[in-house]
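The structure appears right after this line, and notes come after that.
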Amino acid sequence: GAFVGGEGRMNSAFELVSAVSGIPCKIETLGAWGNNVYVGTSDGHVLLYVMDKVEAPTSSSSSSSSSSVSFKSRMEKKKSLGHGKKPVTMMEVYPDLGRLLVLCDGNLEVLNLYTLEQSNPFGDKGKGVITFCSRKGSQDYRFCLQLKRKLLLYEYTGHYEFYKEIPLTENALSMEWVENTIFLGYKKEYAKLDLLSGEMSTLFPIEAEPVMHLIPDDAALVLVHEDIGVMIDYQGNPTRGMLKWTGPPSVVTYHAPYAIAIVPPAPPTPSSGPAALAHLVDKDKDRDRERDKDKDKSGT
């Protein structure tokens, strides 16, 4: 099947292909690197699948040849995190470090990307973790762990070195770290924390669970408000237009030049599963719109 674009248009930029099948448990989180797919399950396991691409020729009336793409997969490794049947709630892949960071029952674990060998370099500070993030767009590796009403900052220098604690007035549900700013999604608002000045400022209020995602190609973030994606720059200022979905997304990601979201099924098919919607992030169109606005203001 194809992904559906914004405003109900069909978007043929993506084709839905089954990559891994027969997973024995409910999927909670996913990570990918190269041909490897990492699956975090509902019962506290991490599974490593290796995919092999298969191309089969298809018949065509045209003279040009075409082929269909499918994947075969096999489970290479299975790792129990040792926290009972608790779900794996977060997963991030760091290929340069050869590491996979996973969160299970408040415990932040570090796994080897190849063997799934488990370690806990954060010690006791890696327990009671609500969420975590890493600094994006930087040559160094810095990590932010959120525990109850506080942030712990680490730098990776061959080991995970703690260097700063920042108090919070309440717990955030999501975070993104770019340059010297950490963006926080709270239950009722989005906010940003300036790490240089320590100043916390509100961006705008919300009434649903916060969802945010970085768009690195354009030095911007998407902050979800109901069925709208608000684009902001790294200073927290609104930029260009907004993304419109058919419902409130539970997940947003980015594959240039598309923002992709998982949204609830549209009526009248309540029994169907969630839909994946791809929205073109048109940089040239936005620049033209801003240029036209400037012309209108100047009267030319």
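The values are calculated or read from the model by the stated rules, or taken from the named source; none is laboratory data. Note that the structure is a prediction, hence the values are computed from the model and not measured. A quick note on method: Cβ atoms are made from the backbone with ideal geometry, for glycine too, and the neighbour counts reach across all protein chains shown. Accessible surface areas use protein heavy atoms only, side chains included; no ligands, DNA or RNA. Shrake-Rupley method; radii C 1.70, N 1.55, O 1.52, S 1.80 Å.
Taking amide H positions as modeled 1.01 Å from N, with prolines and chain starts lacking one, the residues under 5 Å from residue 260 and 5 or more places away or on another chain are 253, 254, 255, 279.
The 1.4 Å probe gives accessible areas that order 85, 125, largest first, as 85, 125. Backbone phi angles across region 156-162, fed through the Karplus curve with coefficients 6.51, -1.76 and 1.60 (θ = phi - 60°), yield HN-Hα couplings of 8, 10, x, 8, 8, 9, 6 Hz in residue order; Gly and Pro are listed as x. Summarising the amide proton neighbourhood of residue 190: residues at separation of 5 or more, or on other chains, whose placed amide H is nearer than 5 Å comprise 203, 204, 206. Within the full protein context, the accessible area of residue 115 is estimated at about 70 Å² for a probe radius of 1.4 Å. Residue by residue, region 254-264 carries 3J(HN,Hα) couplings of 9, 9, 3, x, 10, 8, 10, 9, 9, 10, x Hz when phi is fed to the Karplus relation 6.51 cos²θ - 1.76 cosθ + 1.60 (θ = phi - 60°); x denotes Gly or Pro.
Averaged over residues, the count of other Cβ atoms within 10 Å places the peptides 36-44, 91-99 in the sequence 36-44, 91-99, highest first. Taken as Cα centroids, region 79-157 and region 200-222 sit 22 Å apart, rounded to the nearest whole angstrom.
Across region 205-212, rounded Karplus estimates of 3J(HN,Hα) from the backbone phi angles (6.51 cos²θ - 1.76 cosθ + 1.60, θ = phi - 60°) give x, 9, 10, 9, 4, x, 9, 9 Hz, Gly and Pro being marked x. Leaving out ligands, DNA and RNA but keeping every protein chain, what accessible area does residue 200 have, in Å² rounded to the nearest 10, with a 1.4 Å probe? Estimated to the nearest 10 Å², residue 200 gives 80 Å². When 133, 25 are compared by accessible area at a 1.4 angstrom probe, the order from most to least is 25, 133.
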